[in-house]
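Note sheet for the following structure.
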Amino acid sequence: MTDDRQDQDTDGTLRPTLEPVRVSGATRGRRPGASATGKRCRLAMAAGLWLVFAGANAADTLTGPLTAFMLRQYASPPTSLTVVLKTPAAQLPTCDNPQFMLPSRNRIWGNISVAVTCGARKRYAQVLVKVTGRYLVAARPIADDRLLTAQDIAWRTGRLDMMPSLPLMDVNAAIGSESVRAIGGGQPLTAAMLRRPWRVTIGQPVQVLAQGAGFAVQSAGKAMNNAAVNDDLRVRMESGQIVSGQLLPDGSIHVVL
């Protein structure tokens, strides 16, 4: 709008005088429909934030029980264990008591798949399990076909999930075993590097100790397979009967009836 006032030029011609339109702060820069558009944007942002919060809350609900489940997979507790849920939590079922299952027990760290069950709902979650723990390394260079002693091994602590092969974490699995190849000093020890020497070979005479409730019977037989200490061994008894038992360090076979 313009003001109706007029000014007179020097030549007597009348001309209108234009006054600027005063725009209040409440309406400056606003175009038709801007209020509704802004409201929709704010609602969309709120919905997005709610989804993020809901997903984060679901992740928090699952991470604790999943961490406890993974810790139970280790015979000896690792130094530290962290579970990172890679599948969006909104895609997974949530409940007060979720049940977990590993499709394969061969891998218990690194990138793995875990079944998550809540009632009738079951989904598979992709999980990264970061594990720090103690493992055995060669304390010095070990030659091929060498019987390992306590002086040949040492402990080291590190990220187990970053290793290409499962390292040994049991001293008894290393001491008394034979190397199948040369091993460099400081190299992590794995089961593939070692073999346990046969304590008993096929056809060797053995003593069998059979134990039951309130009795024990000892008799002789012959080994039907090669076995290392703590292996299962099949024995043909003098009577012709075949029994199976665990080979003890002294070379006898323990059978529980």
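Rule-based calculations on the coordinates, nothing more; no lab input. None of these values were measured; they are calculated from a predicted model. Cβ: placed from backbone, ideal geometry, glycine included. Neighbour counts: every protein chain shown.
For this structure, a couple of remarks:
- Extension gain for Met163 to Cys118 (0.36 nm times residue separation, less C-alpha to C-alpha distance): 12.9 nm.
- Derived scalar couplings between HN and Hα for the stretch 194-210 equal 10, 9, 8, x, 5, 8, 9, 10, 4, x, 6, x, 9, 9, 10, 10, 9 Hz in order, rounded to whole Hz, by the Karplus curve 6.51 cos²θ - 1.76 cosθ + 1.60 (θ = phi - 60°), x for Gly and Pro.
- Within the stretch 59-130, the proportion of Cα pairs with more than 17 Å between them is 35 percent.
- For Asp231, the residues 5 or more places off, or on other chains, whose built amide H falls under 5 Å of its own are Leu247.
- Cα→Cβ-extended label distance, 7 Å offset, between Asp250 and Asp232, nm: 2.5 nm
- Rounded, prolate or oblate (a/c below 1.5 giving rounded, otherwise prolate when a/b exceeds b/c) for the stretch 205-256 by Cα gyration tensor: oblate
- The stretch 238-253 and the stretch 165-189 have Cα centres lying 29 Å from one another.
- Under the Karplus curve 6.51 cos²θ - 1.76 cosθ + 1.60, θ = phi - 60°, whole-Hz ³J(HN,Hα) for the stretch 117-131, x wherever Gly or Pro sits: 10, 10, x, 8, 8, 9, 9, 9, 9, 8, 10, 9, 10, 9, 10
- The stretch 67-75 - phi-based ³J(HN,Hα) in whole Hz, Karplus 6.51/-1.76/1.60, Gly and Pro as x: 4, 4, 4, 5, 4, 6, 7, 9, 4
- Simple spin-label estimate for Val84 and Ala192 gives 2.6 nm between the two label positions (7 Å along the Cα-to-Cβ direction from each Cα).
- For Tyr124, the amide hydrogen comes within under 5 Å of the amide hydrogens of Val116, counting only partners 5 or more places away or on other chains and with H modelled in the peptide plane.
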